[in-house]
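The values are calculated or read from the model by the stated rules, or taken from the named source; none is laboratory data. Keep in mind it's a predicted model, so treat the numbers as computed, not measured. Counting neighbours? That spans all protein chains shown, and the Cβs are built from the backbone with ideal geometry, glycine included.
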Amino acid sequence: MLGRFDGCGRLQHVGRTTTLAHTASSTVAGLLAPAQGGHPWQGWSFSAGWGSRETLDVTLVEPELVVEVGVDVARDTSGRWRHPARLHRARPDLSPADVPGLVSLPR
């Protein structure tokens, strides 16, 4: 699951990645920490894919890791990417504060 903070400091769900290769999965997993206390997405359910009713088993983590992704520009009515993003690389040298706040798309 991919999130980005908006201009008000709220973590917004913006999409998901494709299935990660084993090496990438191991690298990213080593940079994540389980969520401590309340997570902004606590109690949410996530679908396995666009238009799917199947839900994913999700482990919430601290929203601290910045990653570079490649995305298709298509978005759903909520502004989320319709198609899975492709992970390019993790950026542990950056913090979420280094990423400009998410701007709402005109509807």
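Name the residues in region 75-91 that are modelled with pLDDT of 80 or more and hydroxyl-bearing (Ser, Thr, Tyr), would you?
Scanning region 75-91 gives no hits.
Just the residues that are under 19 Å from Ser25 (Cα atoms) and either surrounded by 12 or more Cβ atoms within 10 Å (Cβ to Cβ) or basic (Lys, Arg) (or both), please, taken from region 65-76. Give the steps one after another, and end with the answer.
Initially, region 65-76 is screened for residues under 19 Å from Ser25 (Cα atoms), giving 65-71.
Residues satisfying the conditions are Leu65, Val66, Val67, Glu68, Val69, Val71.
Any idea which of Leu32, Leu20, Leu2 is surrounded by 10 or more Cβ atoms within 10 Å (Cβ to Cβ), in contact with a helix residue (DSSP H, G or I) (Cβ under 7 Å, 6 or more places away or on another chain) and not polar (S, T, N, Q)?
Values: Leu32 fails: in contact with a helix residue (DSSP H, G or I) (Cβ under 7 Å, 6 or more places away or on another chain); Leu2 fails: in contact with a helix residue (DSSP H, G or I) (Cβ under 7 Å, 6 or more places away or on another chain).
The match here is Leu20.
For region 14-25, check the following and say yes or no: at least one residue is under 14 Å from Gly3 (Cβ atoms), basic (Lys, Arg) and in contact with a His (Cβ under 8 Å, 6 or more places away or on another chain).
no
Restricting attention to region 77-107, which residues are surrounded by fewer than 12 Cβ atoms within 10 Å (Cβ to Cβ) and in a loop (DSSP other than H, G, I, E, B)?
Thr77, Ser78, Asp93, Ser95, Pro100, Val103, Ser104, Leu105, Pro106, Arg107
Among the residues of region 30-79, count how many are within 15 Å of Leu11 (Cβ to Cβ) and of a type in the set (Asp, Glu).
2
Is it the case, given these coordinates, that Val67 is under 19 Å from Pro100 (Cα atoms) and at pLDDT below 85?
Values: under 19 Å from Pro100 (Cα atoms): yes; at pLDDT below 85: no.
So Val67 does not fit the description; no.
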